[in-house]
Amino acid sequence: MSIKMIACEVFFRELCHVLARAAAQVDVEFLPKGLHDLPAAAMRERLQSRIDAVPEGRYEAIILAYGLCNNGTAGLVSRHSRLVIPRGHDCMSVFFGGRQHYKKHFDEHPGTYFLTSGWIERGANGSDLAQLSIAKKSGMEMTMAELVEKYGEENAAFLFETLHTNRAAHYGNYTFIEMGVEPDNRFRVEAERRATASGWTFTPTSGSMRIIERLVEGPWAADDFQVVDPGQRIAPTHNDDIVKAV
């Protein structure tokens, strides 16, 4: 079996670990994590361009190592090959081995910001993506001095307080997901450092390679994956299935 995989780079270590042992021939293309920080339409456009570049007749399927990702994958279509996408709102469902496991952990630990090796070492936007990101455009990444220069002192004080208070109000815990492929403890140490610097709690946990392994090797069972036939599009379901083919 020969497949094409288009993957977010946050899965780099985990996917390389699985791909090296895969029976299938897999041609993988990693795209920047910064795509997630773009508006949904801009993310979709870039992903669609990579799908459109896949040659007809070469692969049995095109695998997307993405979740719904704020509708960034909604509307994607292949003219000639099946698309396969895991059922999940975002990549954390994949790192936890399924959306049910992710939901259980999130319900037990509300206000959690999750980190993995990929989110730590590949978390920074690069080049044009940084300038196009929602965070950049909204001012979330601007310093107080930059806000003052752009909006004036009074408006800048309001924006700075609003932007940073909202984040603190919604989060209070860092969780590092250990996947078993990390070379040492550097990523866990960095996650704990961020928690300490933010005054947040730190609760490491173990992830699962189950979805990542099945993404590469199959089977693409309906409980965990949506298979989208040529000409069909990925669409949100607004229920526990997350995605569907239309």
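All other residues with a Cβ under 12 Å from the Cβ of I6 taken together, and with Lys, Arg as +1 and Asp, Glu as -1, what is their net charge? Once positives and negatives cancel, what remains is -1. Summing charges over neighbours of M209, with a neighbour being any other residue whose Cβ is under 12 Å away from its Cβ, gives 0 when K and R count +1 and D and E count -1. For the listed peptides 57-64, 229-236, a ranking on the average number of other beta carbons within 10 Å per residue, highest first, reads 57-64, 229-236.
Put a dot 7 Å past the Cα of K103, heading toward its Cβ, do the same for E45, and the two dots end up 3.4 nm apart. Extension gain, R79 to R193, is 36.4 nm, computed as 0.36 nm per intervening residue step minus the present C-alpha separation.
For M179, the residues whose amide H sits under 5 Å from its own are G207, ignoring neighbours fewer than 5 places away on the same chain, with H placed 1.01 Å from N. Here the calculated FRET efficiency for A222 and T201, from their Cβ-Cβ distance with R0 = 35 Å, stands at 0.40, rounded to the nearest 0.05. For segment 81-116, no residue has its backbone nitrogen under 11 Å from a point 7 Å from the Cα of D241, taken along Cα to Cβ. Charge tally for Q48 (other residues, Cβ to Cβ under 13 Å; Lys, Arg +1; Asp, Glu -1): +3.
Peptides 109-121, 184-196 ranked from most to least packed by the mean count of surrounding Cβ atoms within 10 Å: 109-121, 184-196.
Every number here is computed from the coordinates shown, using simple stated rules; none is lab data. What you are looking at is a predicted structure, and each value in this text was computed from that prediction instead of being measured. Glycine gets a Cβ as well: all are built from the backbone with ideal geometry, and neighbour counts include every protein chain shown.
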